[in-house]
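Q: Shown below is the structure under consideration.
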Amino acid sequence: MAATVATSLVTDNETPPLTPDPTPAVGVTDAATISPAAEPPAVAITPSDPWPRPYYIEDGLRRVVPYHYTYNTWCKERWRGRKLMEIFEVEFRDRPAEYYRNAVETGLVVVNGKAVGPEYVLKNGDLISHTTHRHEPPITAEPIRVIHEDNDLIVINKPSGVPVHPAGRYNYNSVVEIIKSERGPDFLPRPCNRLDRLTSGIMFLAKNQRAAERLVAQISQRSVRKEYIARVVGRFPDGEVVCDQPILQISPKLTLNRVRANGKAARTVFKRLAYYPPVDPPAKGQTEQPAMPDAEQTAQRRGEGEGYSIVRCLPVTGRTHQIRVHLQFLGHPIQNDPIYANQKVWGFDLGRNDADAARNSDEDVISRLSRMGKEDVADAVAYYDEMVDNYHKKKAEKMSGQVCDVCQTPLYTDPGEQELSLWLHSLRYEDADGAWSYVSPLPAWALPPSGMTGPTQVGGMEDLVSAVEASST
């Protein structure tokens, strides 16, 4: 791949935004609604759009060969009247100011398709383009397995740690791009349900817009039942457990939520599938158990002396992190949850029965979580990419010690298991009237551990649905 970049210009291309501001980039065809300019500015495009996608597998991870990529963003209102270099120095601090100055002077950053100087003053309607050498984080090499396929729909079992859409640091290492790479550049999968990056399990990809709209409408009308499976700390109670505690987002920046009386209504039904007691350490003279992976050891320390349960979860509402927050409130957080099972953030009780925040104020929780990356990234902030990035920038020992010979970017070490997995799995989707049902196999972490017996399959949802109906009356 060439070390130098000659930025190409077109008038009909749309590329992702350059800025951390959530406002999406807008293609030239929409420019009239964004800019008062008589002629919309040209949009810089990536000079290298490799096909097939430059994937390779190494050490159990799917990797992407670094490539050049062009980001585009319209001038924000707060940028108007300010110098280009000032914007990069204040709002784009992931690289040194010297890098951005050099990028402007060498034409890697252009405005309206033309080279400008660092002192250029931005105005309404300006389109800023930045071509960079992009390094994507690796993800698991576990394949995306197809559970069902017909003329309209693909039902997949998404591996943990894989984002659905290109976003943030991820582009080709996303479900949409991986599926496209397997089926051709003209194939456009349309995700119909939402799964967080670390959550695995059932996902729907529509093959056409009509099928996508039909399924999305069915899900939004709540005529579709969803079941998740989770591995939680301790022995979960017997029978069906209904948690109807309201949930409040206490930090939009961190996407951090907790049970609070003034939150939004939320309801989840739980039922224990299995309980596995803690494994006693080997007696003196006996052979020790094989070493567990780091993530397994960390999780077992969280539930040390308690064992763990495999729990079925039926979310009746759809609040962000609802299952994780309700399990935490009940005193049985997901065992390897880097946020909601972290005593350094929530204290010894892990937020159990603390709906009024009497034991841990919102401010204290946010402050602790914000500090965590400086001390213990593996245990705290793996779920939030921005915080992981900030941690890596501050802690040199998490860098590989190498730099890219094309762009001189410091290279990160590989993600650990904690950054690739959360023991929460989307197990089943089914039509409430019984027209269709899709179930995935249980993930490996939900199966009986070596030397123990337990369920390897999950039955129907009748008990969970009955509990929902009973709690409603």
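The values are calculated or read from the model by the stated rules, or taken from the named source; none is laboratory data. What you are looking at is a predicted structure, and each value in this text was computed from that prediction instead of being measured. Glycine also receives a Cβ, built like all others from the backbone with ideal geometry; neighbour counts cover every protein chain displayed. Ligands, DNA and RNA are excluded from the accessible area calculation, which covers all protein heavy atoms including side chains. Shrake-Rupley method; radii C 1.70, N 1.55, O 1.52, S 1.80 Å.
Q: Which percent of Cα pairs goes in each bin when the distances of segment 81-170 are cut into 10 angstrom slices starting at zero?
A: Per 10 Å bin, starting at 0, the Cα pair percentages come out as 13, 32, 20, 16, 16, 3.
Q: For each pair in Lys158/Lys180; Lys158/Lys344; Lys226/Lys271; Lys226/Lys264; Lys226/Lys344; Lys158/Lys226, compute the distance between the two Cα atoms and list the pairs where it is over 22 Å.
A: Numbers: Lys158/Lys180 15 Å; Lys158/Lys344 31 Å; Lys226/Lys271 14 Å; Lys226/Lys264 20 Å; Lys226/Lys344 32 Å; Lys158/Lys226 15 Å.
From Lys158/Lys180; Lys158/Lys344; Lys226/Lys271; Lys226/Lys264; Lys226/Lys344; Lys158/Lys226, over 22 Å: Lys158/Lys344; Lys226/Lys344.
Q: Roughly how many percent of the accessible protein surface of segment 397-456 is carbon and sulfur, given a 1.4 Å probe and a whole-percent answer?
A: Exposed carbon and sulfur together represent 52 percent of the surface.
Q: Taking only the Cα atoms of segment 123-263, how large is their convex hull per residue, in Å³?
A: 233
Q: A further question on this structure: Highest mean first, what order results for 120-128, 461-469 on Cβ atoms within 10 Å? Provide the component values of the computation, followed by the final result.
A: Values: 120-128: 18.6, 461-469: 15.3.
Top of the packing list down: 120-128, 461-469.
Q: Mind ranking 155-164, 98-107 by how tightly packed they are, going by the mean number of other C-beta atoms within 10 angstrom, highest first?
A: Working: 155-164: 22.0, 98-107: 15.7.
The peptides rank, most packed first, as 155-164, 98-107.
Q: R0 = 30 Å: FRET efficiency of Thr317 with Asn151, Cβ-based, nearest 0.05?
A: Numbers: r = 33 Å, r/R0 = 1.08.
For Thr317 and Asn151, the calculated efficiency is 0.40.
Q: Oh, and also: Summing +1 for each Lys or Arg and -1 for each Asp or Glu, what net charge is found among the other residues whose Cβ lies under 12 Å from the Cβ of His133? Numbers along the way, then the final one.
A: Values: positive: Arg95, Arg134; negative: Glu136, Asp405.
So the environment of His133 carries a net charge of 0.
Q: Go ahead and run the numbers for FRET between Asn262 and Asn208, Cβ-Cβ distance against an R0 of 51 Å, rounding to 0.05. The partial results should precede the final answer.
A: Details: r = 42 Å, r/R0 = 0.83.
E between Asn262 and Asn208, to the nearest 0.05, is 0.75.
Q: Also, I was wondering about something else. Amide H of Arg134 versus every other amide H placed in the peptide plane: which residues, excluding those fewer than 5 positions away on the same chain, fall under 5 Å?
A: It is Tyr67, His68, Tyr69, by chain and number.
Q: To the nearest 0.05, how large is the calculated FRET efficiency for Ala97 and Val121 if R₀ is 22 Å and r is the Cβ-Cβ distance?
A: Numbers: r = 18 Å, r/R0 = 0.81.
Calculated value: 0.80.
Q: Under a Cβ-Cβ cut-off of 14 Å, what is the net charge of the residues other than Asp433 that fall near it, where Lys and Arg count +1 and Asp and Glu count -1? The partial results should precede the final answer.
A: Details: positive: Arg222, Arg225; negative: Glu430, Asp431.
Result for the local shell: 0.
Q: How far is it, in nm, from the label point at Ser471 to the one at Val406 when both lie 7 Å from their Cα along the line to the Cβ?
A: 5.1
Q: If you put +1 on each Lys and Arg Cβ and -1 on each Asp and Glu Cβ, how big is the dipole of segment 77-154 around its Cα centre, in Debye rounded to 20?
A: Values: 11 positive and 14 negative charges, 109 e Å.
My answer is approximately 520 debye.
Q: Same structure again: Multiplying the sequence separation of Asp356 and Asp238 by 0.36 nm and subtracting their Cα-Cα distance, what value in nm do you get? Each step should come with its number before you reach the end.
A: Details: separation 118, 0.36 × 118 = 42.48 nm, distance 2.66 nm.
Length gained between Asp356 and Asp238: 39.8 nm.
Q: Can you tell me how segment 68-132 classifies by the Cα gyration tensor, rounded, prolate or oblate, using a/c under 1.5 as the rounded cut? Before the final figure, lay out the partial values.
A: Details: a/c = 1.44, a/b = 1.20, b/c = 1.21.
Because its axes are fairly even, with a/c under 1.5, segment 68-132 counts as rounded.
Q: Could you give the semi-axes, largest first, of the ellipsoid that matches segment 425-473, computed as the square roots of 5 times the alpha carbon gyration tensor eigenvalues and rounded to whole Å? Mind showing how you got there, number by number?
A: Working: eigenvalues 136, 45, 13 Å².
With the √(5λ) rule applied to segment 425-473, the semi-axes are 26, 15, 8 Å.
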